[in-house]
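As structure tokens, the structure follows; a few thoughts come after it.
The values are calculated or read from the model by the stated rules, or taken from the named source; none is laboratory data. As the structure is a prediction and not an experimental result, all values here were calculated from the model. Glycine also receives a Cβ, built like all others from the backbone with ideal geometry; neighbour counts cover every protein chain displayed. SASA here: full protein model, heavy atoms, side chains in, ligands and nucleic acids out. Shrake-Rupley method; radii C 1.70, N 1.55, O 1.52, S 1.80 Å.
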Amino acid sequence: MPADTADWPIDLERFRAAPLTTEPFPHLALTEFVKPAAAALARQGFPSSGQGGLAPAPGREGLAGLNPGFAVLLAALRSPEMTAAFSAKFGLPLSNESLMVTLRDRCQAKDGRIHTDSVSKQVTALIYLNDGWTPEGGRLRLLRGPDDIDDMIAEVLPLDGTLVCFRRTDNSWHGHKPYEGVRRYIMLNWMVDAGAAKRETLRHGLSAAWKRLSGGSSM
């Protein structure tokens, strides 16, 4: 599906036009990055693990086994157009070969501790798929430092279609207040190279993790 068609689930034009905030680290938050109708379909088809933890998303060969609304979004997120847009936005030579895509549908009380991502990651993007959000917990905060969850530069509600993305730096601190329950997102990490993407994917346990996810019912 070409990126310039009406059926394309992602609004890349809004993403390209949105300004990148550069301090204290490069980042961007954007609502309706996934178009509302497409986001609702993807949320309804989001696979359920019934437990916390990340699971690597299936590759192109595994899309046929997914709910169609979710599969369409996942294919778009893996597209060359998507990587090219993020490469231009962050001024980095990102490639599809170094892209790792993971899924998570539940948050545990222990999650959300303040951290920076590993040095094997160049850019992180989170696409949320949740219909409404009232809890104080579970709202991602981009932070000025490692010690105070309230010392934030931005707070992002994990609502349908919302994107938050940032370049990994030594001070790209982020976290959220505790929350336990359903909190769906797709995470994209452009790694330093294809080898790092493969190693990290294997570390998450590709076969076992996806077997759990695909065996659950959609929410």
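Rundown of residues vs (1) touching a Ser or Thr at 6+ places or on another chain (Cβ under 9 Å); (2) surrounded by 15 or more Cβ atoms within 10 Å (Cβ to Cβ), yes/no style:
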| site | (1), (2) |
| --- | --- |
| Ala6 | no, no |
| Pro9 | no, yes |
| Glu13 | no, no |
| Pro24 | yes, yes |
| Ser48 | yes, yes |
| Gly62 | yes, no |
| Gly65 | yes, no |
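Scanning region 136-153 for residues that are hydrophobic (A, V, I, L, M, F, W, C) and either open to solvent by 30 Å² or more (accessible area, probe 1.4 Å) or not in a strand (DSSP E or B) (or both) yields Ile149, Met152, Ile153.
One residue stands out in region 81-130 among those that are open to solvent by less than 10 Å² (accessible area, probe 1.4 Å) and assigned to a loop (DSSP other than H, G, I, E, B): the one that is nearest to Leu20 (Cα to Cα), namely Leu129. On inspection, Ala55 does not qualify as under 25 Å from Ala6 (Cβ atoms) and surrounded by 14 or more Cβ atoms within 10 Å (Cβ to Cβ). The residue that is nearest to Ile10 (Cα to Cα), counting only those in region 119-160 that are among the hydrophobic types (A, V, I, L, M, F, W, C) and free of Cβ contacts under 8 Å to residues at least 40 places away in the same chain, is Leu157.
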